[in-house]
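Asks: Quick one: the structure is below, questions incoming.
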DNA sequence: TTGCAATATATAATCTTCTTATATATTTAA
DNA sequence: TTAAATATATAAGAAGATTATATATTGCAA
């Protein structure tokens, strides 16, 4: 990740959202897409990404298919049925979280009852 | 913290922002204010909050004044000059981070050039 | 033809950060 | 008199990230 510790905790949701959006993706592609969507501001590290992908697979949220492309292995990840409902929940959580942060960052001026 | 792992990494920024907004605050007050601003969605834990406050003090970002209120010690924290510029940076980072997350959560449909 | 950048996945060691549990102590309301 | 609210603090452990390292192919430039 780049320049900020803020991303901690949101990686899983980000990955799941991209898979929901794109059907299936391989690890390298996911990091590319995140850079693209964030104008290079967020760069996923593989040391974080692959363990997360493996964990989600073990939890039955993702399934994999290996394919050969130009003699390079690509491991495609896609959501299971369970995965689809998990994404929906995670996205809701994230929206509420973002709202909460915004209430802190741009607070309504307090009424002078204090 | 409540119900979501999303908050990881943003605690420091949240604390600093509140101090910028309110002049000086004590630990307990900070947790109250965060609950208030987020409608109870984010509850800071003291096990996370106090170590962060102490760390920020050691870094010269905060200073403390102890006061006695109803036989209870209150330790007020406020920003140093350095602290004020640190908040400004952190807030900028957080705004960009939130923007980035929103680009991922609500992506513009991709033009079919891929 | 050699070497570097890009493509592609993976794991171990380490660090940071958070949660949970525990401790202490006063005031206030039931 | 007892529990909830107020107030701070730290240790142990878990979770999640970074950094470093490993391996291997393709394609482009020098």
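Asks: Residue check: is residue B:16 within 16 Å of DNA strand C (Cβ to nearest atom), in contact with a strand residue (DSSP E or B) (Cβ under 9 Å, 6 or more places away or on another chain) and touching a residue at least 60 places away in the same chain (Cβ under 8 Å)? Please lay out each step first, then the result.
Replies: Working: within 16 Å of DNA strand C (Cβ to nearest atom): yes; in contact with a strand residue (DSSP E or B) (Cβ under 9 Å, 6 or more places away or on another chain): yes; touching a residue at least 60 places away in the same chain (Cβ under 8 Å): yes.
Spelling it out, residue B:16 is indeed within 16 Å of DNA strand C (Cβ to nearest atom), in contact with a strand residue (DSSP E or B) (Cβ under 9 Å, 6 or more places away or on another chain) and touching a residue at least 60 places away in the same chain (Cβ under 8 Å).
Asks: For the range B:62-74, enumerate the residues that are away from DNA strand C (no atom under 13 Å from the Cβ) and either in contact (Cβ under 8 Å) with a residue 24 or more places away in the chain or within 20 Å of residue A:105 (Cα to Cα) (or both).
Replies: Taking the range B:62-74 as the starting set, the residues that turn out to be away from DNA strand C (no atom under 13 Å from the Cβ) are B:62-67.
Of everything in the range B:62-74, those that are away from DNA strand C (no atom under 13 Å from the Cβ) and either in contact (Cβ under 8 Å) with a residue 24 or more places away in the chain or within 20 Å of residue A:105 (Cα to Cα) (or both) turn out to be B:62, B:65.
Asks: Could you tell me how many of the residues in the range A:70-99 are farther than 14 Å from residue A:18 by Cβ, away from chain B (no Cβ under 14 Å) and out of contact with any strand residue (DSSP E or B) (no Cβ under 9 Å at 6 or more places or on another chain)?
Replies: Start the filter on the range A:70-99 by keeping residues that are farther than 14 Å from residue A:18 by Cβ, which leaves A:70-75, A:80-82, A:85, A:88-89, A:92-93, A:95-99.
With the extra rule that they be away from chain B (no Cβ under 14 Å), the set shrinks to A:70-75, A:80-82, A:85.
Pick out the ones that are also out of contact with any strand residue (DSSP E or B) (no Cβ under 9 Å at 6 or more places or on another chain) and you get A:70-72, A:81-82, A:85.
So the answer is 6.
Asks: Quick check: is even one residue across the range B:39-49 away from DNA strand C (no atom under 13 Å from the Cβ) and either in contact (Cβ under 8 Å) with a residue 12 or more places away in the chain or within 14 Å of another protein chain (Cβ to nearest Cβ) (or both)?
Replies: Of the range B:39-49, the ones away from DNA strand C (no atom under 13 Å from the Cβ) are B:39-40.
Now restrict to residues that are either in contact (Cβ under 8 Å) with a residue 12 or more places away in the chain or within 14 Å of another protein chain (Cβ to nearest Cβ) (or both): B:39-40.
Yes, the range B:39-49 contains a residue that is away from DNA strand C (no atom under 13 Å from the Cβ) and either in contact (Cβ under 8 Å) with a residue 12 or more places away in the chain or within 14 Å of another protein chain (Cβ to nearest Cβ) (or both).
Asks: Additional query: Can you tell me which residues in the range B:16-30 are within 10 Å of chain A (Cβ to nearest Cβ) and either buried (at least 18 other Cβ atoms within 10 Å of the Cβ) or more than 18 Å from residue A:108 (Cβ to Cβ) (or both)? It would help to see each step written out before you state the result.
Replies: Applying the first criterion (within 10 Å of chain A (Cβ to nearest Cβ)) to the range B:16-30 yields B:17-18, B:21-22.
B:17, B:18 - these are the residues of the range B:16-30 that are within 10 Å of chain A (Cβ to nearest Cβ) and either buried (at least 18 other Cβ atoms within 10 Å of the Cβ) or more than 18 Å from residue A:108 (Cβ to Cβ) (or both).
Asks: Touching a helix residue (DSSP H, G or I) at 6+ places or on another chain (Cβ under 7 Å), at the interface with another protein chain (Cβ under 9 Å from one of its Cβ atoms), surrounded by 18 or more Cβ atoms within 10 Å (Cβ to Cβ) and closer than 29 Å to residue B:15 by Cβ: does that describe residue A:104? Outline the logic, then answer.
Replies: On the way: touching a helix residue (DSSP H, G or I) at 6+ places or on another chain (Cβ under 7 Å): yes; at the interface with another protein chain (Cβ under 9 Å from one of its Cβ atoms): yes; surrounded by 18 or more Cβ atoms within 10 Å (Cβ to Cβ): yes; closer than 29 Å to residue B:15 by Cβ: yes.
So residue A:104 passes the test.
Asks: A follow-up question, please. Criterion first (buried (at least 17 other Cβ atoms within 10 Å of the Cβ), modelled with pLDDT of 90 or more and at the interface with another protein chain (Cβ under 9 Å from one of its Cβ atoms)) does residue B:52 satisfy it? I'd like the intermediate steps shown before the answer.
Replies: Details: buried (at least 17 other Cβ atoms within 10 Å of the Cβ): yes; modelled with pLDDT of 90 or more: yes; at the interface with another protein chain (Cβ under 9 Å from one of its Cβ atoms): no.
Taking the combined requirement at face value, the residue does not satisfy it.
The values are calculated or read from the model by the stated rules, or taken from the named source; none is laboratory data. Predicted, not measured: the structure shown is a model, and the values here were computed from it. For neighbour counting, all protein chains shown are included, and Cβ atoms are generated from backbone atoms with ideal geometry for every residue, glycine included.
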